[in-house]
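The values are calculated or read from the model by the stated rules, or taken from the named source; none is laboratory data. What you see is a predicted model, and the numbers here were worked out from it, not measured in a lab. Because the Cβ atoms are built from the backbone with ideal geometry, glycine has one as well, and the counts that use them run over all protein chains shown. All accessible areas refer to the heavy atoms of the entire protein, side chains included, with ligands and DNA or RNA removed. Shrake-Rupley method; radii C 1.70, N 1.55, O 1.52, S 1.80 Å.
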Amino acid sequence: MPDLSGDLLRVPFFGRFCGVAIRILLKMKALELACLLLIIVPQVVLGTHDVYIVTMEGEPVVSYRGGVEGFPATAIDLDEDMDITSEAVTSYSLHLRRYHDKLLDSLLVEGTYEKLYSYHHLINGFAVHMSPLQAEFLRKAPGVKHVERDMKIQKLTTHTPQFLGLPTGVWPTGGGFDRAGEDVVIGFVDSGIYPQHPSFSAHKTDPFGPVPHYKGKCEMDPVTRRSFCNGKIVGAQHFAKAAIAAGAFNPDVDFASPLDGDGHGSHTAAIAAGNNGIPVRMHGHEFGKASGMAPRARIAVYKVLYRLFGGYVSDVVAAIDQAVQDGVDILNLSVGPNSPPTATRTTFLNPFDAALLSAVKAGVFVAQAAGNGGPFPKTLVSFSPWITTVAAGVDDRRYKNHLVLGNGKLLPGLGVSPATHENKSFSLISAADALLGSSATKYSALDCQRPELLNKRKIQGKILLCGYSFNYISGTASIKKVSETARSLGAAGFIVAVENSYPGTKFDPVPVSMPGILITDVSRTKDLIDYYNSSTIRDWAGRATTFQATAAIADGLAPTLYNSAPQVALFSSRGPDVKDFSFQDADVLKPDILAPGNLIWAAWAPNGTDEANFAGEGFAMVSGTSMAAPHIAGIAALIKQKNPKWSPSAIKSALMTTSNTLDKGSHPLRAQQYSTSEIMTLTRATPFDYGSGAVNPKAALDPGLVLDATHQDYITFLCSIPDVEHSEVSNITGSTCSSSSKVQQRPYDLNIPSITISQLRGTQTVKRTVTSVAAEAETYTIMTRMSPEIALEVSPPALTVLPGASREITATLTARSVTGTYSFGEITMKGDRGHLVRIPVVAMGFK
């Protein structure tokens, strides 16, 4: 790092710059004037401020191996635990923070900027609120490696333990559900937590003991003055400095504490680590008992998401840096950027992914939601190979209901509701025929959100027929509100009918307290309306006088179980992965794995605003890859509990190589997709939909072989990406590219449990190294399967691997024909002791 002592620290940068500029360029009057303005009124020239993330020369704590006089090395090997309270760590951390402060103080005028965070554990840098002009000056300053403007992030918004086989196949191996995940800490970078929920309560009969390796702090609730922690929750902090600096934060709405004002964070935490056997009750009905994947795991909360605006990357990086420093074992990220990063040559090089790379180096497993941009290709918001990117699946439980019309027609729909009283039929009345006065035309009365606009005398005892408007999509209308309206008007039930097609709209069943149903099929809605109109008698002015149409709503409270599960959910983002902002294909398979993410019951914050249909409730049934990622985080905690010395890449490998590509009915996995007429249909899924396949927790606990990758392997991967300058890798990761390697590396040489070649020209040979984690030697027979456009051969045809030993396999891919589309296949290694290892292979032939 450059010397910042002496006069450099005392002379403001703008004055120093202008003095030199004026002496050298006396004839450039405009520059003289600009410099004088900078000296006299810097605030005027600086203009609008933004938050920037700055990375510096010098290693962060996790990578520092000495070299700065007076500061011993802090880096440790992966199988060691870092003591963050040691004198070496605390003194070097303080040294980096002071260095950041000195740099800013020497370059920028006091009062014209605000340093928000110093990053020192995972990356060496800081977040600062300053003007674009100041950012340009900072880019040229000694010791500064990279400056990037902050960007926003977004949310990637019960029955699943049984569906995944945890109670019978996994929890018993760890001592039962009451020990599953014991002493493993999962960090949730999300919207906070509602600590009073029973899913997060401390057990009085079986209390949680201390977790010595976790050093995180607990904030106090500013209202109740109570700690957010209770033994189950071991850490709770919030990060909002960037949001405040950007003017987006409203403390009255967003809560300046770890309290969840959204619902999203409580939901994800409960999926991964919620207590076991918590009754899911709503509207007087119990929908089962909820449990996290690892019900004895501890929860550490790092709030970065807020109600109205989402969050900012610099707050997220600060949260990740703190979480790893605190000692979390697993990180769950149900958040992601709004688009691929624009400031770097590749999607893998940005402060967010660089922080996660350092987290993985520190031994932390990272699960991230793939995104909700499906079913369209290249919609992923999780890119890097050191992250486990999770796609969302539809499990075997579906809530369906139907409506029986008086003419005998049966109309299918969605409605988690009781049946009409004694399963009887009741007269129908449209909201359009129950309006109170002409003033109701000023409002959207037909979507039944405002009971004061409707005639209670007409509606009482009838089934209220409502329309589905765009307000439901925008979130200003909800099925829950229809239910409340119908109940307040004394209706026997309600129907919400979709008359117009809304492409891309996802219709979910909503639990309600009275008979109700949503008819989503436009053609069935036409049948309903035709029947209603033909059965309603009107006067000369068109006013309804007699309502003869009748209907009965069936009982929709009990789910139906299907064998055609899992399926890839329609909304789940699809591959291929992209390597840059121009969306060029990357030589990395994404997503990595499929986990349940559709209609997931879990804890909710009663003051949560994320889902209007569950406002004020203690549980919610929500869909999204946000729900899929914590399934993997929880299962990873179970693997970590059994194998505490495994690296994050070994855990990821165990999950991927043991996953399933067949559904419960032994058929190839299928993906929900749009037909040409924008109707949802099912197509055969590919690795771009599900990665390696659907997670199989029991097999992942005992994978037989793993494909491991080190931090240096990931750096070599970054250095091998075409058109990426080695200096850029160094600037953002702090690690240098090796110039001594005699073998030219390619991105697909990275030792991960998949092979992806986006441009296969002629014949390419790829090697993978497998390491035995089994207790005994095992002989594996190796087989291949590939689409005919690509020839795939593997050698050797069989190999024996001793416990702890590693062996290399070589895959040879040859493009037989050029089709302009990807070909899919796999390498299968079948062991004589029962282990089965699968490595997906993806390639596109090029001339």
Compute the distribution of all C-alpha to C-alpha distances in the stretch 50-149, in bins of 10 Å from 0, and list the percent of pairs in each, rounded to whole numbers.
15, 47, 25, 12, 1
Compute the relative contact order of the stretch 402-560 as a whole-number percentage, counting only Cα pairs closer than 8 Å that sit 6 or more residues apart in sequence.
37 percent
In angstroms, what radius of gyration and Dmax does the stretch 570-621 have, counting Cα atoms only?
16.9, 46
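Which values, in whole Å and largest first, are the semi-axes of the equivalent ellipsoid of the stretch 587-645 obtained as the square root of 5 times each eigenvalue of the Cα gyration tensor?
Its equivalent ellipsoid spans semi-axes of 28, 16, 8 Å.
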Would you calculate the separation in nanometres between label points at residue 502 and residue 455, each defined as 7 Å from the Cα along the Cα-to-beta-carbon direction?
2.8 nm
What is the sum of charges, Lys and Arg at +1 and Asp and Glu at -1, for the other residues whose Cβ falls under 15 Å from the Cβ of residue 380?
-3
Provide the packing ranking of 469-475, 294-300, 263-269, i.e. peptides ordered by the mean count of other C-beta atoms within 10 Å per residue, highest first.
263-269, 294-300, 469-475
Relative to the present Cα-Cα distance, how much length would full extension add between residue 808 and residue 726 at 0.36 nm per residue of separation?
26.7 nm
Mind checking the alpha-carbon convex hull of the stretch 402-560 and giving the volume per residue in Å³?
112 Å³
Can you compute the charge dipole magnitude of the stretch 400-558 about its Cα centre, using +1 on each Lys and Arg Cβ and -1 on each Asp and Glu Cβ, nothing else charged? Give it in debye, rounded to the nearest 20.
260 debye
How far apart, in nanometres, would the label points at residue 421 and residue 196 be if each is projected 7 angstrom from Cα along the Cα-to-Cβ direction?
3.5 nm
Place the peptides 765-771, 817-823 in order of packing, highest mean first, counting for every residue the other Cβ atoms within 10 Å and averaging per peptide.
765-771, 817-823
Distance from the stretch 283-329 to the stretch 636-665 (C-alpha centre basis), Å:
21 Å
Dipole size in debye (nearest 20) for the chain around its Cα centre, Lys and Arg Cβ +1, Asp and Glu Cβ -1?
1540 debye
Please compare each pair in 409/458; 506/652; 506/698; 652/830; 458/480; 400/462 to a cut-off of 28 Å on the Cα-Cα distance and tell me which ones are over it.
506/652; 506/698
FRET efficiency for residue 769 and residue 584 from the Cβ-Cβ distance with R0 = 25 Å, rounded to 0.05, comes out at 0.35
Mind pulling the per residue volume of the convex hull built on the Cα atoms of the stretch 377-462? Å³ is fine.
225 Å³
Extent of the stretch 743-847 along each principal axis, from alpha carbon coordinates, in Å, largest to smallest?
45, 29, 17
The stretch 759-847, accessible area per residue, ligands and nucleic acids excluded (1.4 Å, Å²):
47 Å²
Note the listed values (i) 92, 76, 64; (ii) 84, 76, 67; (iii) 116, 68, 51, then indicate which one is Cα extents along the principal axes in Å calculated from this particular structure.
(i)
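Roughly speaking, what is the stretch gain from residue 285 to residue 745, that is 0.36 nm per residue apart minus the C-alpha to C-alpha distance, in nm to one decimal? Intermediate values should be presented prior to the final figure.
Working: separation 460, 0.36 × 460 = 165.60 nm, distance 5.91 nm.
Length gained, residue 285 through residue 745: 159.7 nm.
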Could I have the simple spin-label model distance between residue 213 and residue 538, label points 7 Å from Cα toward Cβ, reported in nm to one decimal?
7.2 nm
When the charge dipole of the chain is computed with +1 on Lys and Arg Cβ and -1 on Asp and Glu Cβ about the Cα centre, the Cα farthest towards its positive end, among 89, 436, 782, belongs to 436
Cβ-placed point charges (K, R +1; D, E -1), dipole of the stretch 528-664 about Cα centre in debye, nearest 20
460 debye
